[in-house]
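Below is one structure, written out as structure tokens, with a few remarks after it.
The values are calculated or read from the model by the stated rules, or taken from the named source; none is laboratory data. In this text, all values refer to a predicted model and were calculated from it rather than measured experimentally. Cβ sites come from the backbone with ideal geometry, for glycine too, and all protein chains shown count toward neighbours. Quick note on the areas: whole protein, heavy atoms, side chains included, nothing else; ligands and nucleic acids left out. Shrake-Rupley method; radii C 1.70, N 1.55, O 1.52, S 1.80 Å.
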Amino acid sequence: MDKKILEIQQIKREFRMGTEIVRALKGVSFDVFAGEFVTIMGSSGSGKTTLLNILGCLDKPTEGNYLLDGVNIGQLSRNELARLRNRKIGFVFQAYNLLPRTSALENVELPLFYNMEISHEDRRKKAIHALEAVKLAERMDHTPSQLSGGQQQRVAIARALVNEPVMILADEATGNLDTRTSYEIMALMQELNREQGKTIVFVTHEPDIAAFSSRTVMLRDGKVVKDTKNENVRSAKEALAALPVSDDY
Amino acid sequence: MNVLNLLRIAFKALLRNKLRAFLTMLGIIIGVAAVIAMVAIGQGSKESIQSQLSSMGSNMITILPSSNVAGGARLGGTSVNTLTIDDVKAIRKQAENVSAVSPAANSSGQAINGALNWPTTIYGVSPSYLDIRKWALKDGIPFSDEDVRASAKVCLLGQTVVTNLFPNGDNPIGKIIRFNNIPFQVIGVLEAKGQSSFGQDQDDAIIAPYTTVQKRILASIYFRTIYASAVSESASDAATDEITSILRKQHRLRSSDEDDFQVRTMAELISALSSTSNLLTILLTAIAGISLVIGGIGIMNIMYVSVTERTREIGLRMSIGARGIDILMQFLIEAIMISITGGIIGVILGISSAKLITIFLSWPTLVSESSIVLSFLVCAATGVFFGYYPAQKASRLDPIEALRYE
Ligand SMILES: Nc1ncnc2c1ncn2[C@@H]1O[C@H](COP(=O)(O)OP(=O)(O)OP(=O)(O)O)[C@@H](O)[C@H]1O
Ligand SMILES: [Mg+2]
């Protein structure tokens, strides 16, 4: 674990709202090594989503450099960025962003459509596999409006996993889930992190979720206020087992 | 993203808004159907005029009486009596550019064969008439100059008359029929000639020596028409001039008098008719073309609406790896699909309306493949042209801004 996969140097992001300037990020710097599981915490409005969008190559910083796998993102064309988003990054949005009136399976397949190397049959197989991983295989024909908020979130996670990215960026991926389901998701994340070596950056504002990660970056007001290694990472699987079995109360 | 998937996405998007897609197509449908039908009508009439040209003989000249305005009211063309057999003889003798002349005196009446009768027209002509009209005998023999001199009661029958008076396939030759109670011996049957460019059945005719018709039926020395043949098509104008000067002399017209006859050449008539039909085709096609453009603007409008409605979808697709070109193609294919589907429906509608026009109005129509191919290409081009700007707008969206769009 010595290869830097992400390097951000003095990143600033400003939004111009008419004459007013909103400074969402005011100079953020940190590195993420390949295979790390980082959680980003901070109160609402602290700039977490803004930062994650930049990390996901969806947005560009107003100032500062962002290097992904040693490549300066600021110098890439729109098409190169699109390819990067497709192949290297699995993004889970805070607002899920599923296609309405489209089945869960097709939603999960979507990133594979933009990957010409994947055949029709492989696409189906991979999508079903990803839905199985989030325990939604039996709901794959349902459209988002026929799924609960938590189920929609799991479809969004499956979509992020389907193209086998090297890095998963999740924005409050457990925000709408009950404890059991969010632990299940965290167990999945830990598995992806440990067994497949995927780098995970996970935005949350719940401290008990952060306990499952190996490192926590704390944002406040667009600045990093704390960056701590987590010495004893909690196992999500064990936490899950420790939960009371019966839900009938 | 490959084309098949793009087609599938476009198809689904259209199915989701069936009515809207249909209404958008309507402009294209009407435009294409109009183009196909209009061109079919134009081509059909041109084609029938052209076949007339070859069947009638392009060097035919028609001389009609016309009113002399020297005194008082003008009378209708055919009610004026100015053309006589002397005129015919003068033209035959003097006009060098004319190879044949025949008068024509016609009368409508009832033809009777035993118990069967049929209303038709008898044309009193001279033997050269058949040459001038390029009309062949199917059976029997033509009448001769001798028959003309003797006012012989002999006749030739057109096909329509044959089918109506001899329905059982009897051979009419040698039989006696009656026309307005005058007995005629059938000596020949004419080839079928079909409809004239004015929709008149040319086979509904009996042809007899003009002397017989003039004396026994009309009791008149005047002719309704004189037909002549110029030695060649290019000699038509020279022949016209000759005929004019001969007839003016015959009728003793002073130089200040207007002609009391009209000379019309076939070539002139044909070119007048085809230029009218050409103009009509151009005009109708232009109107149809305008409706295609309006249809295209409709597509553009609806594509802008579609792009705006699906801004979030575009943002999402981009954020998971769609390139600008993928988004561009997605919307472009949707636009082309609307225009081509509209085009297909339009082609079907156009062909069927051309058929219906032929069936119910009996106008000749001719659906040309080139008009189908052309309107198809125009449709695809309309889709590309009018779909491009909305699609390009979509492809240039910023993923995050698109995702935030409400
Ligand atoms: N497109 C934008 N235009 C204007 N201001 C923006 C824009 N995006 C973010 N901001 C502002 O930047 C700041 C940080 O927003 P961000 O969405 O990153 O917060 P967050 O930490 O994700 O909050 P939450 O936990 O509620 O999701 C906020 O003050 C927000 O109003
Ligand atoms: Mg957020």
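Considering the convex hull of the alpha carbon atoms of segment B:224-300, report its projected area averaged over all viewing directions, in nm², one decimal.
For the Cα atoms of segment B:224-300, the hull's average projected area reads 8.6 nm².
Leaving out ligands and nucleic acids, and using a 1.4 Å probe, what accessible area per residue does chain A come to in Å²?
Using a 1.4 Å probe on heavy atoms only, each residue of chain A averages 47 Å².
In segment A:122-249, what is the volume of the convex hull around the alpha carbon atoms, normalised per residue and reported in Å³?
142 Å³
Write down the percent of antiparallel bridges among all DSSP beta bridges whose residues are both part of the protein assembly as shown, to the nearest 5.
Percent antiparallel among DSSP bridges in the protein assembly as shown is about 70.
Report, in whole Å, the centroid distance computed from the Cα atoms of segment B:260-331 and segment A:45-71.
For segment B:260-331 versus segment A:45-71, the Cα centre distance is 46 Å.
Can you spot the aspartates and glutamates whose alpha carbon is less than 12 Å from B:Lys93's alpha carbon? Ignore those fewer than 8 places along the same chain.
B:Glu242
Calculate, for B:Asn117 and B:Ile173, the FRET efficiency according to 1/(1 + (r/R0)^6) with r their C-beta to C-beta distance and R0 22 Å; round to the nearest 0.05.
0.65
If I take the Cα coordinates of segment B:81-259 and project them onto the principal axes, what are the three extents in Å, biggest first?
57, 33, 31
Report, in whole Å, the centroid distance computed from the Cα atoms of segment A:1-16 and segment A:100-116.
30 Å
Largest first, please: the extent of the C-alpha atoms of chain B along each principal axis, to the nearest Å.
103, 58, 37
Distance from a point 7 Å along Cα→Cβ of B:Ser232 to each backbone N in segment B:257-279: keep the residues under 17 Å and list them by number.
Output list for this probe position: B:267.
For n ≥ 4 DSSP H runs only, could you compute -39500 (n - 2.57) per run for chain B, divide by its residues and tell me the 222 nm figure to the nearest 500?
Result for chain B, helices only: -18000 deg cm²/dmol.
Net charge within 14 Å of B:Leu165 by Cβ-Cβ distance, Lys/Arg positive one each and Asp/Glu negative one each, not counting B:Leu165 itself?
Overall, the nearby charge balance is -1.
Sort A:Glu80, A:Glu121, B:Glu369 by heavy-atom solvent-accessible area, probe 1.4 angstrom, most to least.
Largest accessible area first, the residues go B:Glu369, A:Glu121, A:Glu80.
How many Cβ atoms of partner chains, on average, are near each residue of A:116-123 if near means within 10 Å of its Cβ?
Going residue by residue through A:116-123 and averaging, the value is 1.
Can you tell which of B:Met38, B:Met337, B:Met318 shows the greatest fluctuation in a Gaussian network model of chain B with Cα springs below 10 Å?
B:Met318
Which of B:Ser236, B:Ser352, B:Ser375 moves the most in a Gaussian network model of chain B with Cα springs under 10 Å?
Top of the fluctuation ranking is B:Ser352.
Can you compute the modelled spin-label distance between A:Lys3 and A:Arg180, with each label point 7 Å from Cα toward Cβ, in nm?
4.0 nm
Kindly work out what percent of the DSSP beta bridges joining two residues of segment A:4-242 are antiparallel, to the nearest 5.
55 percent
In nm, to one decimal, how far is the B:Glu146 label point from the B:Lys134 one, both placed 7 Å along Cα→Cβ?
3.2 nm
Less than 15 Å Cβ to Cβ from B:Arg178, Lys/Arg counted +1 and Asp/Glu -1: what total charge do the surrounding residues give?
Overall, the nearby charge balance is +3.
Using a 1.4 angstrom probe on heavy atoms only, work out the carbon and sulfur share of the accessible area of chain A in %.
Roughly 48 percent of what the probe reaches on chain A is carbon or sulfur.
Once ligands and nucleic acids are excluded and a 1.4 Å probe is used, how much of A:Ile21 is accessible, expressed in Å² to the nearest 10?
Number for this one is 60 Å².
Using a Gaussian network model of chain A with C-alpha springs under 10 Å, which one of A:Glu195, A:Glu109, A:Glu36 is most mobile by mean-square fluctuation?
A:Glu195
How big is the B-A contact in terms of buried accessible area, both chains counted, 1.4 Å probe, rounded to the nearest 100 Å²?
It comes to approximately 2200 Å² buried between B and A.
Applying the Karplus parametrisation 6.51 cos²θ - 1.76 cosθ + 1.60 with θ = phi - 60° to the phi angles of segment B:223-236, what ³J(HN,Hα) value in whole Hz is obtained for each residue in order, glycine and proline being reported as x?
So the J values, rounded to whole Hz, are 10, 6, 8, 10, 9, 9, 10, 6, 4, 8, 5, 6, 8, 3.
Ordering B:Trp135, B:Trp363 by how much accessible area each has at a 1.4 Å probe, largest first, what is the list?
Per-residue accessible area, sorted high to low, gives B:Trp363, B:Trp135.
If you line up the long axis of helix B:324-361 against the longest principal axis of chain B, both from Cα atoms, how many degrees apart are they, to the nearest 10?
Roughly 20 degrees between the two axes.
Please give the contour-minus-distance gain from B:Arg404 to B:Leu253: 0.36 nm per residue of separation, less the Cα-Cα distance, rounded to one decimal in nm.
45.1 nm
Would you rank B:Thr285, B:Thr276 by solvent-accessible area, highest first, keeping every protein chain in place and using a 1.4 Å probe?
Descending accessible area places them as B:Thr276, B:Thr285.
So for the pair B:Gln94, A:Glu20, with labels modelled 7 Å out along Cα→Cβ, what separation do we get in nm?
It works out to 10.5 nm between the two label points.
Pop out the carbon and sulfur fraction of the accessible area of segment B:116-159 as a percent, whole number, probe 1.4 Å.
53 percent
Below 13 angstrom from the Cβ of B:Lys138, what's the summed charge of the other residues (Lys, Arg +1; Asp, Glu -1)?
Net of charged neighbours comes to -2.
Can you tell me the FRET efficiency between A:Glu238 and A:Asn65 if r is taken as the Cβ-Cβ distance and R0 is 51 Å, rounded to the nearest 0.05?
0.80
Relative to the longest principal Cα axis of chain B, at what angle does helix B:266-309 sit, 0 to 90 degrees, rounded to 10?
10 degrees
When averaged across all projection directions, what area in nm² does the alpha-carbon convex hull of chain A cover?
Value for chain A: 14.9 nm².
Given H placed 1.01 Å from N in the peptide plane, which residues other than close sequence neighbours of A:Thr62 have an amide H under 5 Å from its amide H?
For A:Thr62, the qualifying residues are A:Lys12, A:Arg13, A:Glu14.
List the aspartates and glutamates whose Cα lies under 14 Å from the Cα of B:Lys175, skipping any in the same chain that are fewer than 8 positions away.
Straight-line reach from B:Lys175, under 14 Å: B:Asp139.
Per residue of B:313-319, what is the mean number of Cβ atoms on other protein chains within 10 angstrom of that residue's Cβ?
That works out to 6 on average.
Let me cross-check A:Glu117: its accessible surface, 1.4 Å probe, with only protein heavy atoms counted, in Å² to the nearest 10?
140 Å²
In terms of Cα to Cα distance under 14 Å, which aspartates and glutamates are near enough to B:Lys153, apart from those fewer than 8 places away along the same chain?
Here the aspartates and glutamates satisfying the reach criterion relative to B:Lys153 are B:Asp145.
Suppose all protein chains stay in the model; what accessible area per residue would a 1.4 Å probe give for segment B:81-259, in Å²?
I get 48 Å² per residue for this part.
Over the protein assembly as shown, with a single point scatterer placed on each C-alpha, what log10 of the ratio I(q)/I(0) does the Debye formula yield at q = 0.12 1/Å?
The Cα Debye sum returns log10 ratios of -1.18.
Heads up, I need the accessible area for A:Lys226: 1.4 angstrom probe, whole protein in place, Å², nearest 10.
Looks like 110 Å² after rounding.
Set the bar at 24 Å for Cα to Cα. Now go through B:Lys138/B:Lys215; A:Lys26/A:Lys48; A:Lys88/A:Lys126; A:Lys3/A:Lys226; A:Lys4/A:Lys226; A:Lys3/A:Lys135 and name every pair that lies beyond it.
B:Lys138/B:Lys215; A:Lys3/A:Lys135
Using a Förster distance of 25 Å, how high is the FRET efficiency between B:Asn278 and B:Phe360, based on the Cβ-Cβ distance and rounded to 0.05?
0.50
At a 1.4 Å probe, which residues in segment A:80-101 are at least 40 Å² less accessible with all protein chains present than in their chain isolated?
Residues losing area: A:Ala82, A:Arg85, A:Phe93, A:Asn97, A:Leu99, A:Arg101.
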